[in-house]
Amino acid sequence: MMMQVDEEHHSLQDQKDQLNLRLKALKRQMDEAEEEIDRLEHGKKKLQRDLDEQQEANEQLQSQLKSLRSEMRRKTNSAPLDDDDDEDDISTDGETYFRSSSGYKRSCSQDNIISTFSL
């Protein structure tokens, strides 16, 4: 009977040791999982900061674009239009004027000078 009790005690001690090893392994896994969660949360926060910065930069660029478009519209609207008073569109030196892409009238010689600077 004593041998049987001793054997059961030994068996229970083995089970206890195995359970302790299993508990340590599970704790280690839990610590690793928590570290992974912390790493992922840090990455998420960094991505969120980057996203916020990009959105702010986008808003600034949109504002600049809107301002430039308004300025272009204002300049286009304030550019002198072809007056109907110029009946023949001929300058005093005899050159014929034509409307340029900017809305102003230029002579052929003015256009040639401008095109040489554009190259």
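Residues in segment 53-68: is at least one surrounded by fewer than 10 Cβ atoms within 10 Å (Cβ to Cβ) and assigned to a helix (DSSP H, G or I)?
no
When segment 9-28 is examined, which residues are found to be open to solvent by 100 Å² or more (accessible area, probe 1.4 Å) and either under 57 Å from the mean Cα position of the chain (by Cα) or basic (K, R) (or both)?
Within segment 9-28, K16, Q18, L19, L21, R22, K24, K27, R28 meet the criteria.
The values are calculated or read from the model by the stated rules, or taken from the named source; none is laboratory data. Quantities reported herein were computed from a predicted structural model and do not represent experimental measurements. Methodologically, a virtual Cβ is constructed for each residue, glycine included, from the backbone with ideal geometry; neighbour enumeration extends over all protein chains shown. Accessible surface areas use protein heavy atoms only, side chains included; no ligands, DNA or RNA. Shrake-Rupley method; radii C 1.70, N 1.55, O 1.52, S 1.80 Å.
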